[in-house]
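Taken together, the values in this text are just the output of simple stated rules run on the coordinates, not laboratory data. Remember, it's a predicted structure, so these values are computed and weren't measured experimentally. Every residue, glycine among them, receives a Cβ derived from its backbone with ideal geometry; neighbour counts consider all protein chains shown.
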Amino acid sequence: MNTRPRDPHGRVFLRPLTESDITDSYVAWFRDPEVTRFLDARDISRNDAIEHLRRGQIGKAWLLYAICKADGRHVGNLKIGPILWRHMTSDMITVIGDRSVWGQGCAREAIRLGIDIAFSELNIRKLSASIDSLNAGSIEAYIAAGFHIETRLKDQFVDRAAAPMQLSDKIYVACFNSDFDPARISE
């Protein structure tokens, strides 16, 4: 993708993530306990991140995008995938690694841009995300971007950082492509 989707307010844009984006600062995001509190990806190495990027590119199972501020600063990632091409569905995952921009709407705008890519360029018919119920900011960002809560799995997660240990629910959010065109499906 050569275009750089931008939010209408000019705050963020998405561009394909490249190996050169995977710097020491990038890897540090995944070592920050606040950033990774609700992520499975933790303590990853630069090589781990590069291998994950390459596997997605080769297998076309997922696409990774850099979430960038208007000035070009890389502040997070958006992942479309894994994509189930047979069913035209995909997960969408976002992480804002640069905590200095938390609360500024970057995730919400990136999710909106990701929806546009998934629906208009990839012809995905449904996007989903699973979110820890304690991650109120993420739930709010997805809903503000156009997702709705589809279901809740009770006591799915254990937060060992809380004292005492706390159980939380898994919230599934989804977004449907109202312009989905079955005629665009190619085998």
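Points to keep in mind about this one:
- For segment 151-180, the set of residues classified as under 28 Å from LEU122 (Cα atoms) and either more than 21 Å from the chain's Cα centre (by Cα) or of a type outside the set (D, E, K, R) (or both) consists of THR151, ILE171, TYR172, VAL173, ALA174, CYS175, PHE176, ASN177, SER178, ASP179, PHE180, listed by residue number.
- Taking first residues from segment 15-26 that are surrounded by fewer than 17 Cβ atoms within 10 Å (Cβ to Cβ) and partners that are in a helix (DSSP H, G or I) and not acidic (Asp, Glu), the Cβ contacts under 6 Å between residues at least 6 apart in sequence or on separate chains come to GLU19/ILE50.
- Among residues that are within 28 Å of PHE176 (Cβ to Cβ) and exposed (fewer than 12 other Cβ atoms within 10 Å of the Cβ), GLY76 is not included.
- Exclusive hit being without any contact (Cβ under 8 Å) to a residue 40 or more places away in the chain, in contact with a Gly (Cβ under 6 Å, 6 or more places away or on another chain) and over 14 Å from ILE22 (Cα atoms), set TRP85, TRP62: TRP62
- Of the strands (runs of 3 or more DSSP E) lying entirely inside segment 21-131, those containing at least 2 residues that are under 27 Å from VAL158 (Cα atoms), touching a strand residue (DSSP E or B) at 6+ places or on another chain (Cβ under 6 Å) and of a type in the set (A, V, I, L, M) span 74-84, 89-96.
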